[in-house]
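The values are calculated or read from the model by the stated rules, or taken from the named source; none is laboratory data. Predicted, not measured: the structure shown is a model, and the values here were computed from it. Glycine gets a Cβ as well: all are built from the backbone with ideal geometry, and neighbour counts include every protein chain shown. Surface areas here come from the heavy atoms of the whole protein model, side chains and all, with no ligands, DNA or RNA. Shrake-Rupley method; radii C 1.70, N 1.55, O 1.52, S 1.80 Å.
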Amino acid sequence: MVIGLSLFALSAWFVFNYIIDLEQIEKLIFSRLPNWLIVATLFISECFTGILPPDMYILWAKSLDYSYLMVFILALVSYIGGIISWYIGTQLHRLKRVKKWVHIKFSEQFKTFRKYGGLVIFISALTPLPFSPVSVVAGMVEYPFKNYLIVALSRFLRFFLYAFVLYKFI
């Protein structure tokens, strides 16, 4: 497990330092695209991978006259993206191979997720942990949708807390 996480971290570091230049992506997105399309890039990211950090969108919103309204819109888009990710997880669970994987190979881990899933969702919604993949897993393990919706609302808290701190100190 430790070796796997270490390899993942090393791979992510390599990708973000030598393959993907987030600063260039940020400049491309925020300087050339209309606001609605900028919001759409966050939505697409939150639906599928969660690879684009919401923090850079929150900082971008600071440059607008209606920054906190835009933070609300960004949080809403992220929340809806998480719901779509949860749904994708439920559909993945319908595939025989994935279902086998969930119920046989990782049954103990997913039992734990079902038990503590609310905490995992809450932590991923509030911190830089990837919200989208956690939402997919929540759907795959059939975490109750109503509970998911309630816990995932903490995504709004994250966006506004980050905005408050970033706007105050940056």
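Things worth noting here:
- Computed E for residue 36/residue 142 - FRET, C-beta separation, R0 41 angstrom, nearest 0.05: 0.75
- Rolling a 1.4 Å probe over the protein chains gives residue 66 an accessible area of about 100 Å².
- Mean-position separation - Cα centroids, the stretch 131-170 and the stretch 87-114, in angstrom: 21
- Which of 48, 72, 110 is most accessible, then next, and so on - probe 1.4 Å: 48, 72, 110
- Neighbourhood net charge (15 Å Cβ-Cβ; Lys/Arg +1, Asp/Glu -1) for residue 71: +1
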